[in-house]
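My questions all concern the structure below.
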Amino acid sequence: MEDTKRSEHKKACANCGAELKFKPGTHQLVCEYCGYEEFIEQAKSSLEELELQHYLKVVGDNAYTKTIDVLHCKNCGANQHVQENYKSLQCIYCSEPLIIEDVEEEGWILPMALVPFQIDARKAKILFKNWVNGLWFAPNKLKRAALDPEGLHGLYVPYWTFDANLSARYEGQRGDYYYETHRVKTKNGTQTRQVRKTRWSRVSGSVSGFVDDILINASQKKRQEIPPKVAQWDVKELVPFNSKYLSGFVTEKYSISLKEGHHLSFQEAKEIAYSWIRRDIGGDTQRITQSDIALADETFKHILLPVYISSYRYDNKEYNFYINGQTGQLSGTRPYSFYKIFFLVLFIVVIIAIISIFAK
């Protein structure tokens with residue numbers, strides 16, 4: 001427990017005593033005041049996969065591996081890990097104020113690995129600003145938000161990742177296309193037309209293979225999901241967990257339990273099994289009438305993945321913008337300025353009216 005608490009304390013510069021922060025794209029901590037750099041020692045062992053059934057039982061008995069301090073957002077439900085460098089005291093998702101006195105100590109399964117940030121805040125702000133500037137009819141408030149240095153936050157998002165040996169027995173039908181020539185009457189006379197038909201045949205068989213790294217977002221489900229094109233990380237770049245990588249960023253505690261994450265991963269595994277079955281059936285189209293899917297030797301990891309988030313409220317509606325902290329891919333919802341659209345339409349109407357007057 002004492003070691004865990006030490007890992008949450010800020011990392012002090014050995015030269016001037018200021019706070020060290022992780023430098024994205026490196027394996028170093030850096031002091032923003034004197035430039036001192038400190039390397040993060042890399043673990044020599046490979047990433048550990050934990051046996052799933054054991055942990056399902058442990059979590060079911062309310063026994064946890066570590067504890068962490070979190071602030072709970074009463075508006076959107078996000079659980080954010082508080083470090084000493086956490087200055088904004090606003091929810092990273094919805095910008096609602098957070099009260100430092102509400103900090104709670106909660107149990108969690110310590111992350112086994114993380115993908116470190118590769119893009120720093122300066123580059124992320126440039127990407128966000130360029131994206132906003134390219135939007136048509138964006139409110140001026142949104143453009144000002146893109147210039148706000150405090151408006152973009154780096155966040156480590158929690159994910160469960162599951163591995164398993166998958167096997168499935170199935171029954172179904174294979175469909176092979178063939179074509180028949182039909183004669184049809186049209187206003188231009190009788191014509192021939194090729195009509196596609198499907199010849200079905202019964203099939204059965206089995207498939208098996210290894211399912212690697214099914215990613216399940218462990219954030220609160222009622223919040224908007226990270227857009228799919230942003231949620232694409234190269235998990236081959238995972239490094240063993242070291243709290244030094246968290247310095248200068250906010251870390252979200254998972255709010256989807258391991259048990260629920262496992263249930264969601266089975267739905268993903270089922271879709272993988274169906275794709276294997278369809279490929280095994282072959283033909284032009286397939287029907288799966290019955291399947292018996294089983295997973296064995298299941299393992300999991302709790303990992304953290306990097307993303308920048310800007311939260312913005314316009315006309316009583318919340319908007320979120322996301323940048324992948326590893327790849328720089330950006331996506332988000334955006335508001336439209338009613339007045340900009342109104343005046344543009346009005347301008348077009350006036351121009352058309354003027355042209356009509358002179359045309360007469």
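Would you point out which residue out of Leu127, Leu152, Leu135, Leu166 is at pLDDT 65 or above, more than 26 Å from Lys21 (Cβ to Cβ), open to solvent by 10 Å² or more (accessible area, probe 1.4 Å) and not basic (Lys, Arg)?
Every option except Leu135 fails the conditions.
If you don't mind, there's one more thing I want to ask. Taking region 10-32 as the search range and keeping residues that are free of Cβ contacts under 8 Å to residues at least 12 places away in the same chain and farther than 22 Å from Val307 by Cβ, which one is surrounded by the most Cβ atoms within 10 Å (Cβ to Cβ)?
If we take residues in region 10-32 being free of Cβ contacts under 8 Å to residues at least 12 places away in the same chain and farther than 22 Å from Val307 by Cβ, then Ala12 is surrounded by the most Cβ atoms within 10 Å (Cβ to Cβ).
Just to be sure before I move on: is Leu305 in contact with a Gly (Cβ under 9 Å, 6 or more places away or on another chain) and modelled with pLDDT of 90 or more in the structure I sent? If you could, list the steps in order and put the result at the bottom.
On the way: in contact with a Gly (Cβ under 9 Å, 6 or more places away or on another chain): yes; modelled with pLDDT of 90 or more: yes.
In short, yes.
Another question, if that's okay. Which ones in region 243-261 are open to solvent by 40 Å² or more (accessible area, probe 1.4 Å) and under 18 Å from Leu50 (Cα atoms)?
Listed by number, the residues that qualify are Ser257, Lys259, Glu260.
Inspect all residues belonging to region 335-355 and state whether any of them is closer than 21 Å to Asn133 by Cβ, at pLDDT below 75 and buried (at least 17 other Cβ atoms within 10 Å of the Cβ).
Within region 335-355 (the criterion being closer than 21 Å to Asn133 by Cβ, at pLDDT below 75 and buried (at least 17 other Cβ atoms within 10 Å of the Cβ)), the answer is yes, since at least one residue qualifies.
Still on this structure, please answer the following. Please list, ordered by residue number, the strands (runs of 3 or more DSSP E) wholly in region 37-121 having 1 or more residues that are among the charged types (D, E, K, R) and modelled with pLDDT of 70 or more.
Fully inside region 37-121 and qualifying: 37-39, 66-72, 104-108.
Here's a follow-up. Looking only at region 272-306, filter to residues that are part of a strand (DSSP E or B) and β-branched (Val, Ile, Thr); which one of those is least open to solvent (accessible area, probe 1.4 Å)? It would help to see each step written out before you state the result.
Here is the first cut: in region 272-306, the residues part of a strand (DSSP E or B) are 285-306.
Add one more test, that the residue is β-branched (Val, Ile, Thr), and what stays is 285, 288-289, 293, 299, 303.
Details: Thr285: 38, Ile288: 52, Thr289: 95, Ile293: 28, Thr299: 30, Ile303: 1 Å².
That would be Ile303.
Can you tell me which of Arg196, Arg174 is surrounded by fewer than 10 Cβ atoms within 10 Å (Cβ to Cβ) and closer than 25 Å to Ser275 by Cβ?
Arg196
Another question, then. For Tyr319, which of the numbered conditions (1) open to solvent by 10 Å² or more (accessible area, probe 1.4 Å); (2) among the aromatic types (Phe, Trp, Tyr); (3) at pLDDT 90 or above fails to hold?
Going through the list (1) open to solvent by 10 Å² or more (accessible area, probe 1.4 Å); (2) among the aromatic types (Phe, Trp, Tyr); (3) at pLDDT 90 or above, Tyr319 breaks only (3).
Also, I was wondering about something else. Given (1) open to solvent by less than 50 Å² (accessible area, probe 1.4 Å); (2) under 19 Å from Ile323 (Cα atoms), identify the lone condition not met by Asp234.
Of (1) open to solvent by less than 50 Å² (accessible area, probe 1.4 Å); (2) under 19 Å from Ile323 (Cα atoms), only one is false for Asp234: (1).
May I ask you to verify whether Leu264 is surrounded by 12 or more Cβ atoms within 10 Å (Cβ to Cβ) and in a helix (DSSP H, G or I)? Talk me through it step by step, then tell me what you get.
Numbers: surrounded by 12 or more Cβ atoms within 10 Å (Cβ to Cβ): yes; in a helix (DSSP H, G or I): yes.
For Leu264, the condition - surrounded by 12 or more Cβ atoms within 10 Å (Cβ to Cβ) and in a helix (DSSP H, G or I) - is met.
The values are calculated or read from the model by the stated rules, or taken from the named source; none is laboratory data. The shown structure was predicted, so the numbers you read here are calculated from the model rather than taken from an experiment. Quick reminder, even Gly has a Cβ in these numbers, built from the backbone with ideal geometry, and neighbours come from all protein chains shown. Note: accessible area is taken over every heavy atom of the protein model, side chains too, but ligands, DNA and RNA are not part of it. Shrake-Rupley method; radii C 1.70, N 1.55, O 1.52, S 1.80 Å.
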